[in-house]
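Participant: The structure follows.
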Protein chains: 2
Amino acid sequence: MKTDMTRYLPILTWGRTYNRTALSNDLVAALIVTIMLIPQSLAYALLAGLPAEAGLYASIVPIMLYAVFGTSRALAVGPVAVVSLMTAAALSNIVEQGTMGYAVAALSLAALSGAILLAMGLFRLGFIANFLSHPVIAGFITASGIIIAASQLKHILGISAEGHNLLELVISLTEHLGETNWITAIIGILATGFLFWVRRGLKPLLKRFGLPDGVTGVFVKTGPVVVVVATTAAVWGLGLADKGVSIVGEVPQSLPPLTLPSFSPDLLWQLLLPAFLISIIGFVESISVAQTLAAKKRQRIDPDQELIGLGAANIGASLTGGFPVTGGFSRSVVNFDAGAETPAAGAFTAIGLAIAALALTPLIYFLPKATLAATIIVAVLSLVDFSILKRSWNYSKADFAAVLATILLTLTLGVEAGVSAGVGLSILLHLYKSSKPHIAEVGQVPGTEHFRNILRHDVITDPSIVTLRVDESLYFANARYLEDKIQNRVAKDKDIRHVILQCAAINEIDLSALESLEAINERLKEMDVKLHLSEVKGPVMDRLKREHFLSEMTGQVFLSQFEATKALRPALPT
Amino acid sequence: MKTDMTRYLPILTWGRTYNRTALSNDLVAALIVTIMLIPQSLAYALLAGLPAEAGLYASIVPIMLYAVFGTSRALAVGPVAVVSLMTAAALSNIVEQGTMGYAVAALSLAALSGAILLAMGLFRLGFIANFLSHPVIAGFITASGIIIAASQLKHILGISAEGHNLLELVISLTEHLGETNWITAIIGILATGFLFWVRRGLKPLLKRFGLPDGVTGVFVKTGPVVVVVATTAAVWGLGLADKGVSIVGEVPQSLPPLTLPSFSPDLLWQLLLPAFLISIIGFVESISVAQTLAAKKRQRIDPDQELIGLGAANIGASLTGGFPVTGGFSRSVVNFDAGAETPAAGAFTAIGLAIAALALTPLIYFLPKATLAATIIVAVLSLVDFSILKRSWNYSKADFAAVLATILLTLTLGVEAGVSAGVGLSILLHLYKSSKPHIAEVGQVPGTEHFRNILRHDVITDPSIVTLRVDESLYFANARYLEDKIQNRVAKDKDIRHVILQCAAINEIDLSALESLEAINERLKEMDVKLHLSEVKGPVMDRLKREHFLSEMTGQVFLSQFEATKALRPALPT
């Protein structure tokens, strides 16, 4: 048994066995991740509508806090694309981008999201995240990727455009297309093309030279750094900033500042739903990465503790000039591939980024925004994957409907409407499916003790006995359906004297279903028909025994369907 | 097969075989119900905040329309207590009581509710009503009964008081207690006492005289008529109206007027949620009465057609000066007990009430409102039943939580908040329960082919094999739970080489769960553990075959758990 202390502070577990090998592996991984994170952090801050340095700040203290409280050994926490988009969507409805209020609202959003995650972890409410079905997430990520890519086109073209869904963005981009700055566009298109080539073309090339997979992976991930250096040098050397190329400009040389989120009740109330959605989406993304990486080393992830780790990270972001963060897929994979052994690698990455924030920011003065936009576009387009539509169509129309609604509403109305509709529709469709459970009328397979659907098999039945097998737990959503089904079956056939419910697939009977069974029993009694049960599971039987129903039931409970038929139809050959 | 025409017009079915016996039975029933309905209709109009005559109007055309479209032979449609309370609660938030706008808003509420019911019937969406669990309804009816009784105390005491939940009512009553009109109070208390005695004391008395059950029932139901006549005579004879006793006053002598609801989009939008709740609650109340009465005569009820019948009745109410109506419990039971054979009884009742509206209204000029309040109080207190709290506590804590929340929120915040919270909580608790399904690790019972929980039975297991039995369908809400469970079980035990999922209780695997199984398979592969399935149901297997999962799975699918163990552990004695 773990003590409470080690449960809530996983660092106590791995910290105790930390040694020199782990230290050197962690240091190498941290160096690689740091280099990769610098352009990514700046870019995601821009995507969230914040100054570039906020991206660095959001990557320093949150990583350290996650190292203390998180259970994944390889997860890298910081700004990620989808959460940054959701941040921009949430804030731009409330405050104007570029104002001081906007940055403060971002801090509040991170604080609120952190508080929600912490509360969910402490009260073990992680199950709430389960209501996001996989297809809904896949649809949401795909649609978000498209919106993010579209939102970055303005930087590539050097124009201004507004919008938080695809419709708005397309309209706004078309209106401003004439204002395109051609130098910016050339930089942007070249950078995008180069980054695509690094992903698609460089990897096979390096492999042909015989480099191992891990090394080529690291090379590919440093592509953004190369583009950043090259385009910054070009803008500086050729004086392109004077020709209308938009640059990052002055970034303060500073460690993350101490900041305080706003506690205005009005603001917090407006941010509550977005913060909740950001928390859930961030948690789901983070936990699936963590689980995948942990499995590779036979390690365990504790979802409730992960909530605490991510909650602490977001609180940290809100106190140090950041914005909502979560465990990112690409950075975590790099961290893992580069050999990170413990969360200490994260702490070292944080130190690396702190040094960058202190010393390297003057170097990115001339970094064109088009370059950052290019890194974002190339990163998010790998998230876009419409195959979920085909897959869900083949597998289940209900899942397909949920995916389609999520994608369409996210694209047309925005991220919050899209994900809310997806979750709502998934739940509704699930309730709908289980509200009309499969109920088969069964008969005996000749010469056996087995009972099968009378519509599909050649089976023995008796005109005085109806046996129904319900393939679902009985609860409020389907209780009345069973009432209707039985009443309609019995009312039209005056020969029936016994109704047997075969309960082998019933895992639960809630109070509504129990009351329905009572009503069925009463109504059958009025028609002079007896109600019997067969093959009731142990836990269900235990619960039924707490109530009067069994003593009021006109018929009996049989251990097996075969026994029931034998008892009620004595003439049957056994 | 029924044609579409007879499906949507049940009157064509029973009308064809209508004969003289049915006619005379229906006429007797109609006479009894008409007498009982007059005071009840006036009282419920008052409860809804409308002039007394609206209650008569709401009972005439709606009954006739239900007779044409409804499938129940005995259901009596008209104003009922809970729906009248919900009407008052919905309208008083929007318009002031006693104004013309209030009456028009009541028409709009009925029209909207009718449209919702019709749409649900035509699109076969009756399943939506299933989301109201029995315990939530029981709790809601109990709490509503208390609020209704409290809301009538002002009429009993002759004071004015406002409020749509118990808190507001108690505060308002306390403030105005000093203004009590003692003559009104005496009439009110005597009337209430008499009606209670009729219910509790008269029935046993009549039985002692040897009267049959049916006849005593009818006597008891005419109690309100006796009180109405007696108190009206007293007020008229003693001139009590001049001494501050509040009376019904002038009621127009008229057939139901032709009216039009307002189609103002603002108003309709504000009424949408209340109309939806009224529709659902009304439908649930009505259908359970209809089912109970139909069972007594082995008749069938078609829930979708019932929605159409109730929808038509409400549209009718909105066009003839009424307010929302539904099938009432007490009036339907009286109708049935009095021998009604077909919906024609309802039509005759409508004619009786039309005659009353035309000819008898001057007679109720001096009817004290305290008398109507007394009939309401006595009627609704029979709905109040807290035993559901004890019952649900014993049977299931989840159901208990839903009931308690419904009762407390209805009493403190009002009917809409109460019923919404009850429904929301039921769904949430159901999802929560099924999001953490019972997963048992099983082993072989020695000498048999049966497998049982290792924690409860002395069973044979093998250190290299883990068999898990999941007692629930796999879908998005529990897919991730299974991932966690398996990862945690396998990560801590390096001897494991095989994981078998026994799928006998799994009725469905949705796309989320399939993707979870894929993730489980991949992660187990990383740990060098094989995943197998056993006892997969036919429909589940059919669906799995549409996807690649089975070919990617590291292990096999076994028909039975016994075969699985035999194949994976060849040394086992068979």
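Participant: How many residues are at pLDDT below 85 and either surrounded by fewer than 16 Cβ atoms within 10 Å (Cβ to Cβ) or under 24 Å from residue A:125 (Cα atoms) (or both) when one looks only at segment B:446-459?
Facilitator: Looking only at that region, the number is 6.
Participant: Taking segment A:497-527 as the search range and keeping residues that are of a type in the set (Asp, Glu) and facing chain B (nearest Cβ under 9 Å), which one is surrounded by the most Cβ atoms within 10 Å (Cβ to Cβ)?
Facilitator: Per the criteria, the residue is A:510.
Participant: Only one of A:321, A:339, A:282 is part of a helix (DSSP H, G or I), assigned by TED's automatic domain parsing to the domain that holds residue A:220 and either touching a residue at least 12 places away in the same chain (Cβ under 8 Å) or open to solvent by 20 Å² or more (accessible area, probe 1.4 Å) (or both); which? Even if it seems obvious, please write down each step before you answer.
Facilitator: On the way: A:321 fails: part of a helix (DSSP H, G or I); A:339 fails: part of a helix (DSSP H, G or I).
After applying the criteria, what remains is A:282.
Participant: Out of the residues in segment B:540-555 that are open to solvent by 50 Å² or more (accessible area, probe 1.4 Å) and within 13 Å of chain A (Cβ to nearest Cβ), which is farthest from the chain's Cα centre (by Cα)?
Facilitator: Taking segment B:540-555 and keeping what is open to solvent by 50 Å² or more (accessible area, probe 1.4 Å), we get B:542-543, B:545-546, B:548, B:551-552.
Among the residues that remain, those that are also within 13 Å of chain A (Cβ to nearest Cβ) are: B:542-543, B:545-546, B:548.
Details: B:542: 38, B:543: 36, B:545: 41, B:546: 41, B:548: 45 Å.
For segment B:540-555, the residue satisfying everything is B:548.
Participant: While we're looking at this one, here's another question. Please enumerate the residues belonging to segment B:132-187 that are open to solvent by 10 Å² or more (accessible area, probe 1.4 Å) and within 14 Å of chain A (Cβ to nearest Cβ).
Facilitator: Answer for segment B:132-187, where residues must be open to solvent by 10 Å² or more (accessible area, probe 1.4 Å) and within 14 Å of chain A (Cβ to nearest Cβ): B:134, B:137, B:138, B:141.
Participant: Next question, about the same structure. Which of the residues belonging to segment B:292-314 are part of a loop (DSSP other than H, G, I, E, B) and either open to solvent by 10 Å² or more (accessible area, probe 1.4 Å) or more than 12 Å from chain A (Cβ to nearest Cβ) (or both)? It would help to see each step written out before you state the result.
Facilitator: Here is the first cut: in segment B:292-314, the ones part of a loop (DSSP other than H, G, I, E, B) are B:297-302.
Answer for segment B:292-314, where residues must be part of a loop (DSSP other than H, G, I, E, B) and either open to solvent by 10 Å² or more (accessible area, probe 1.4 Å) or more than 12 Å from chain A (Cβ to nearest Cβ) (or both): B:297, B:298, B:299, B:300, B:302.
Participant: Could you please give the count of residues in segment B:107-131 that are away from every other protein chain (no Cβ under 14 Å) and open to solvent by 10 Å² or more (accessible area, probe 1.4 Å)?
Facilitator: Looking only at segment B:107-131, we keep the residues that are away from every other protein chain (no Cβ under 14 Å), and these are B:107-119, B:121-122.
Checking the rest, the ones that are also open to solvent by 10 Å² or more (accessible area, probe 1.4 Å) come to B:107, B:111-112, B:115-116, B:118-119, B:122.
Result for segment B:107-131: 8.
Participant: Could you list, ordered by first residue, the pairs with Cβ atoms under 9 Å in which the first is in segment A:399-410 and within 13 Å of another protein chain (Cβ to nearest Cβ) and the second is among the charged types (D, E, K, R) and open to solvent by less than 10 Å² (accessible area, probe 1.4 Å), at least 6 apart or interchain?
Facilitator: A:399/B:510
Participant: For residue A:500, only one of the following conditions fails: (1) of a type in the set (A, V, I, L, M, F, W, C); (2) assigned by TED's automatic domain parsing to the domain that holds residue A:526; (3) free of Cβ contacts under 8 Å to residues at least 24 places away in the same chain. What is its number?
Facilitator: Of the numbered conditions (1) of a type in the set (A, V, I, L, M, F, W, C); (2) assigned by TED's automatic domain parsing to the domain that holds residue A:526; (3) free of Cβ contacts under 8 Å to residues at least 24 places away in the same chain, the odd one out for residue A:500 is (3).
Participant: Residue by residue through segment B:479-511, note down the ones that are polar (S, T, N, Q) and either modelled with pLDDT under 90 or more than 19 Å from residue B:541 (Cβ to Cβ) (or both). Explain how you work it out, then say what you get.
Facilitator: Going residue by residue through segment B:479-511, those that are polar (S, T, N, Q) are B:487-488, B:502, B:507.
Once the filter is applied, which keeps residues that are polar (S, T, N, Q) and either modelled with pLDDT under 90 or more than 19 Å from residue B:541 (Cβ to Cβ) (or both), segment B:479-511 yields B:487, B:488, B:507.
Participant: Also: Taking residue B:484, is it without any contact (Cβ under 8 Å) to a residue 24 or more places away in the chain, within 20 Å of residue B:549 (Cβ to Cβ), outside any strand (DSSP E or B) and open to solvent by 20 Å² or more (accessible area, probe 1.4 Å)? Before the answer, list the steps.
Facilitator: Working: without any contact (Cβ under 8 Å) to a residue 24 or more places away in the chain: yes; within 20 Å of residue B:549 (Cβ to Cβ): yes; outside any strand (DSSP E or B): yes; open to solvent by 20 Å² or more (accessible area, probe 1.4 Å): yes.
Yes.
Participant: Please find, within segment A:460-478, the residue that is surrounded by the fewest Cβ atoms within 10 Å (Cβ to Cβ) out of those that are within 14 Å of chain B (Cβ to nearest Cβ) and under 19 Å from residue B:538 (Cα atoms).
Facilitator: If we take residues in segment A:460-478 being within 14 Å of chain B (Cβ to nearest Cβ) and under 19 Å from residue B:538 (Cα atoms), then A:471 is surrounded by the fewest Cβ atoms within 10 Å (Cβ to Cβ).
Participant: Name the residues in segment A:195-222 that are touching a residue at least 40 places away in the same chain (Cβ under 8 Å) and open to solvent by 70 Å² or more (accessible area, probe 1.4 Å), would you?
Facilitator: Once the filter is applied, which keeps residues that are touching a residue at least 40 places away in the same chain (Cβ under 8 Å) and open to solvent by 70 Å² or more (accessible area, probe 1.4 Å), segment A:195-222 yields only A:199.
Participant: If you scan segment A:546-572, which residues turn out to be at pLDDT below 90 and assigned to a loop (DSSP other than H, G, I, E, B)?
Facilitator: A:546, A:547, A:548, A:559, A:560, A:569, A:570, A:571, A:572
Participant: Now for a different question. Are any residues in segment A:385-420 in contact with a Ser or Thr (Cβ under 8 Å, 6 or more places away or on another chain) and within 14 Å of residue A:141 (Cα to Cα), and if so, which ones?
Facilitator: Within segment A:385-420, A:385, A:386, A:388, A:402, A:403, A:407, A:410, A:415, A:417, A:418, A:419 qualify.
Participant: Next question. Under 7 Å by Cβ, and 6 or more places apart or on different chains, what pairs join a residue from segment A:118-130 that is under 18 Å from residue A:419 (Cβ atoms) with one that is of a type in the set (Val, Ile, Thr)?
Facilitator: A:120/A:128; A:128/A:280; A:129/A:280; A:129/A:284
Participant: Since residue B:537 meets every condition but one in (1) more than 7 Å from chain A (Cβ to nearest Cβ); (2) surrounded by fewer than 20 Cβ atoms within 10 Å (Cβ to Cβ); (3) over 16 Å from residue B:475 (Cα atoms), which condition does it not meet?
Facilitator: Failed condition: (3).
Participant: May I pose another question? Can you confirm whether residue A:41 is assigned to a helix (DSSP H, G or I), in contact with a Pro (Cβ under 9 Å, 6 or more places away or on another chain), of a type in the set (S, T, N, Q) and within 18 Å of residue A:367 (Cα to Cα)?
Facilitator: Working: assigned to a helix (DSSP H, G or I): yes; in contact with a Pro (Cβ under 9 Å, 6 or more places away or on another chain): yes; of a type in the set (S, T, N, Q): yes; within 18 Å of residue A:367 (Cα to Cα): yes.
Taking the combined requirement at face value, the residue satisfies it.
The values are calculated or read from the model by the stated rules, or taken from the named source; none is laboratory data. The shown structure was predicted, so the numbers you read here are calculated from the model rather than taken from an experiment. Note that each Cβ is placed from the backbone with ideal geometry, even for glycine, and that neighbours are counted across all protein chains shown. Just the protein is used for accessible areas: all its heavy atoms, side chains included, with ligands, DNA and RNA removed. Shrake-Rupley method; radii C 1.70, N 1.55, O 1.52, S 1.80 Å.
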